[in-house]
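Some notes on the structure that comes next.
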Amino acid sequence: MNYENAIEINNLNKTYDGFALKDLSFRVPKGSIMGFVGQNGAGKSTTIKTILNIVKKDSGTVRVFGLDHVEQELEIKKNLAVVFDEVPFHDALNGKQVNCILKDIYENWNQETFYNYLDRFQLPTRKAIGQFSKGMKMKFQIATALSHDAQLLIMDEPTSGLDPVVRSEMLDVFMEYIQAENHTILLSSHITSDLERIADSITFIHGGRLLLTDYKDDILYRHGIIRCEPGDVAKFPEEDIVSVRRTDYTVSVMVKNKNDSIYQNYTLDTPSLDEILLYYVRGIDRREWEA
């Protein structure tokens, strides 16, 4: 298939009682890892389920591999792998049984690859999945997801609740997977340190709305935290201010273009992704907030 973006979402809308995705638009470039970030309830899972056509959209367009996600759903899902935070297999099944099931479902199922991952992750083939720890269950899901040559891997909080050693191991696996040029990952997570390590681009959403989407390095390069006196804030361009964090004696101002010459005489810090998310979220309700 010839396509530039693995996922293209344009003006996506979905309304529930008390929550709505509102005009959500972003793209996941082919051959990259996009970190999909937002607080609990931001709409990440709803967006993913809409991409998969589990949740029916109200309006907007969703294209995967350049194909319409509803009209060409079957073709898309042949080349798609999904990892949720809960294992989709019955607790009574074991690795050998899952292999027998999936080899009849996926045209490109690779039994050797599957067993190699089970061996690498030190997962027994005859032990029931219900007896696995949380970390083992997540490793098992990832082993199955990566064993049928899927071009796109979509994951919803796959490293949540895992210890740092297991999380690091999983991130290494994702980096290996992406080395093939036709492989793409959409990784939903609230663990921004993981995304700082492996993501090429970042999409922030909050309350069902897009806050920011861009290449990770560009986001980190442009944004800065200016330490200054309260009276200095009025000197900064209004459109450049994300939000202002006030303490008793000073303020910290996040700006979108830290390289502007107006800031050269101030103390300037490069924020983490976590800090950028915090300032954007706080700035929704009010431009200035107290620490």
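The values are calculated or read from the model by the stated rules, or taken from the named source; none is laboratory data. What you see is a predicted model; the values in this text were computed from it and never measured. We place every Cβ from the backbone using ideal geometry, glycine too, and count neighbours over all the protein chains shown. Areas reflect the complete protein model, heavy atoms only, side chains present, ligands, DNA and RNA absent. Shrake-Rupley method; radii C 1.70, N 1.55, O 1.52, S 1.80 Å.
Would you be able to tell me the number of residues in region 206-223 that are in a strand (DSSP E or B) and in contact (Cβ under 8 Å) with a residue 24 or more places away in the chain?
Going through region 206-223 one residue at a time, the tally reaches 6.
Restricted to region 249-291, and to residues that are within 18 Å of I202 (Cα to Cα), assigned to a loop (DSSP other than H, G, I, E, B) and hydroxyl-bearing (S, T, Y), which residue is most open to solvent (accessible area, probe 1.4 Å)?
Step by step, filter region 249-291, then rank; the result is T270.
Quick check, is L162 outside any helix (DSSP H, G or I), over 13 Å from the mean Cα position of the chain (by Cα), free of Cβ contacts under 8 Å to residues at least 40 places away in the same chain and under 22 Å from Q39 (Cα atoms)?
So L162 fits the description; yes.
Would you check if G208 is closer than 21 Å to P271 by Cα, open to solvent by less than 20 Å² (accessible area, probe 1.4 Å) and out of contact with any Pro (no Cβ under 6 Å at 6 or more places or on another chain)?
In short, no.
Consider region 179-205. How many of its residues are part of a strand (DSSP E or B) and surrounded by fewer than 19 Cβ atoms within 10 Å (Cβ to Cβ)?
Counting residues in region 179-205 that are part of a strand (DSSP E or B) and surrounded by fewer than 19 Cβ atoms within 10 Å (Cβ to Cβ) gives 0.
Conditions: (1) open to solvent by less than 80 Å² (accessible area, probe 1.4 Å); (2) more than 30 Å from K134 (Cβ to Cβ); (3) in a strand (DSSP E or B). K22 meets all but one. Number of the miss?
Going through the list (1) open to solvent by less than 80 Å² (accessible area, probe 1.4 Å); (2) more than 30 Å from K134 (Cβ to Cβ); (3) in a strand (DSSP E or B), K22 breaks only (1).
Look at D214 and say whether it is of a type in the set (D, E) and within 21 Å of K44 (Cβ to Cβ).
In short, yes.
If only one of I226, I284, I202, I276 is touching a residue at least 60 places away in the same chain (Cβ under 8 Å) and more than 17 Å from the chain's Cα centre (by Cα), which one is it?
Answer to the check: I284.
How many of the residues making up region 221-248 are over 18 Å from A291 (Cβ atoms) and either among the hydrophobic types (A, V, I, L, M, F, W, C) or open to solvent by 80 Å² or more (accessible area, probe 1.4 Å) (or both)?
Total meeting the criteria: 6.
Can you list the helices (runs of 4 or more DSSP H) lying wholly within region 55-146 that have 3 or more residues being crowded, with 17+ Cβ neighbours inside 10 Å?
95-102, 111-120, 134-145
Spot the failing condition for I48; the list is (1) in a helix (DSSP H, G or I); (2) more than 19 Å from Y177 (Cβ to Cβ), and only one is missed.
The failed condition is (2).
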